[in-house]
Amino acid sequence: HRVEGAPKIDQLYCDALELRFRRVAGGGGDPRNNKGIETALATARPGRELSLSMDTENLEAYGSKLFYRSATDNGGPQTILEGQPMHAFRDGHKIMARELHLIGADKKGNGQQAYAKGPGRIDLLDKNGATPRYTTHALWSDSLIATKDKDGDTSTY
């Protein structure tokens, strides 16, 4: 449980990690500060899981392989998490599938979506009422796609 006001920390635990860097603007003239992660590939040994904990996204995820690509001029960042099965938890909601593809919004705030390869299941937490309960469930055999639509200042899935 996070302490209110504590710094948000993102953590990845895995057996192997490959990082590819790219040059970024800034860094105050120091060449050690002008690199950003372009891609990351994290894997777990057979029979083990990697774990991702992102306070910045209120997300926990577990699987066997994670691929990340940073945002480009044409699109937002992309993360693919695979597992047999992969489990992820965000804001109390739960999803289980073979793969979860998360695409972040582009520079204009468009294009955010999630794609899950099945078979899979999602359980949505209803936080209204005295006791939070999982009231909405969806199961699929092939794929699930959730897209965030913007209508002015309002976003919906």
Looking at ASN34, HIS101, THR56, which one has the Cα that reaches farthest to the positive end of the dipole of the chain (charges on Cβ: Lys, Arg +1; Asp, Glu -1)? ASN34
Here FRET efficiency (C-beta to C-beta, THR147 to GLU4, R₀ 35 Å, nearest 0.05) is 0.65
Could you provide, to the nearest whole Å², the per residue accessible area of the chain with probe 1.4 Å? 69
Let's test the formula: R0 of 25 Å, r as the Cβ-Cβ distance of ASN128 and LYS94. What FRET efficiency results, to the nearest 0.05? 0.90
Starting from the Kirkwood radius over alpha-carbon pairs of segment 72-157, derive D by Stokes-Einstein at 20 °C in a medium of 1.002 mPa s and give it in µm² s⁻¹. 152
Alpha-carbon centroids, segment 98-113 and segment 46-64: separation in whole Å: 18
Accessible surface of the chain, 1.4 Å probe, proportion on carbon and sulfur as whole %: 49
Taking the convex hull of the Cα atoms, report for the chain its projected area averaged over all directions, in nm². 12.2
Where Lys and Arg each count +1 and Asp and Glu each count -1, what net charge lies around ARG22 among other residues with Cβ under 11 Å from its Cβ? +3
Using label points projected 7 Å from each Cα along Cα→Cβ, tell me how many nm separate SER51 and PHE67, to one decimal. 2.6
Of the trypsin sites (Lys or Arg not before Pro) in segment 21-113, which ones lie in a loop per DSSP and count no more than 14 other C-beta atoms within 10 Å? ARG48, LYS107, LYS108
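The values are calculated or read from the model by the stated rules, or taken from the named source; none is laboratory data. Quantities reported herein were computed from a predicted structural model and do not represent experimental measurements. Note: ideal-geometry Cβ built from the backbone for every residue, glycine included; neighbour counts use all protein chains shown. We work out accessible area using only protein heavy atoms, side chains counted, and drop any ligands, DNA or RNA first. Shrake-Rupley method; radii C 1.70, N 1.55, O 1.52, S 1.80 Å.
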